[in-house]
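Chemist: The following block contains the structure, expressed as structure tokens.
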Amino acid sequence: MERSGFAHFAHVAQGVRLLATPEWNRGGPDSRSEQRRVRRGRFMAATTEPVAVFLIGARVNRWRSVRGWLPVIMAMPGMLKELTADPESGFLGYRMLLGPSFGEVTVVQYWRRAGDIRAYATDTDRRHHPARSAFWRRYFTSNGAVGIWHEMYSVRPGAYSALYGDMPPTGVGALFGLEPAAPGERGGYQRSTDPIFAAQVTEDRPPTGE
């Protein structure tokens, strides 16, 4: 098999692994097995840190133009693998979402700050820079076979709310941990030690209908 064939196979393998592991986070207090367990009660993310959220997505517009959309789809797993292996990158975690329409995918990424996102995007020694250059080289010849989009939000401390009810650790809560939450006197939620809302970890299983 030629070198290009090996590279293509590696990209496909990374894509399959991404589908098998649609969520990953760095630095959470729970082990991977605990992250799959439902936390009974209401919780809020245990953090006062700023956070940057980066949404990036793709949409296949013409399935028959495989050469136009496959390289774009296959580039993301390699970048995520690179970032998860680098604790100094500022990358905290991701969550992959399929849909809402067939052929659409969105990756929600969490970073320490927006500057870390920009630094990664412009670093010529990282995977993103050559992937972006390759995309623009194919842009006109692919004739709209694949659409891409991204949005970035830099959120200061206290400017976001992260609430979870009867869920495994998710999103910002998976990154920084969870604290029991109770309704606040002036609306919203506040941290609580009330046992009614305390954590009761149960096995992840379908509802019984009770």
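Chemist: Summing +1 for each Lys or Arg and -1 for each Asp or Glu, what net charge is found among the other residues whose Cβ lies under 12 Å from the Cβ of G171?
Modeler: So the surrounding residues net to 0.
Chemist: How much FRET efficiency would the formula 1/(1 + (r/R0)^6) give for S101 and E185, where r is the Cβ-Cβ distance and R0 is 30 Å, rounded to 0.05?
Modeler: Computed FRET efficiency for S101 and E185 comes out at 0.10.
Chemist: For the stretch 133-144, what does the Karplus curve 6.51 cos²θ - 1.76 cosθ + 1.60, with θ = phi - 60°, yield as ³J(HN,Hα) per residue in whole Hz, taken in order and with x for Gly and Pro?
Modeler: Running phi through 6.51 cos²θ - 1.76 cosθ + 1.60 with θ = phi - 60° gives 4, 5, 4, 5, 5, 8, 4, 6, 6, 6, 6, x Hz.
Chemist: Something else about it: For the stretch 66-190, which whole-number percentage of the solvent-accessible area (1.4 Å probe, protein heavy atoms only) is attributable to carbon and sulfur atoms?
Modeler: 54 percent
Chemist: Additional query: Cα-based Rg (one decimal) and Dmax (whole number) for the stretch 31-113, in Å?
Modeler: Both quantities, over Cα of the stretch 31-113: 16.1, 48 Å.
Chemist: Just to be sure I understand the model, the point goes 7 Å from the Cα along the line to the Cβ. What's the resulting W149 to W136 distance in nm?
Modeler: 2.2 nm
The values are calculated or read from the model by the stated rules, or taken from the named source; none is laboratory data. Keep in mind it's a predicted model, so treat the numbers as computed, not measured. Reconstructed Cβ throughout: ideal geometry from the backbone, glycine too, with neighbour counts over all protein chains shown. Note: accessible area is taken over every heavy atom of the protein model, side chains too, but ligands, DNA and RNA are not part of it. Shrake-Rupley method; radii C 1.70, N 1.55, O 1.52, S 1.80 Å.
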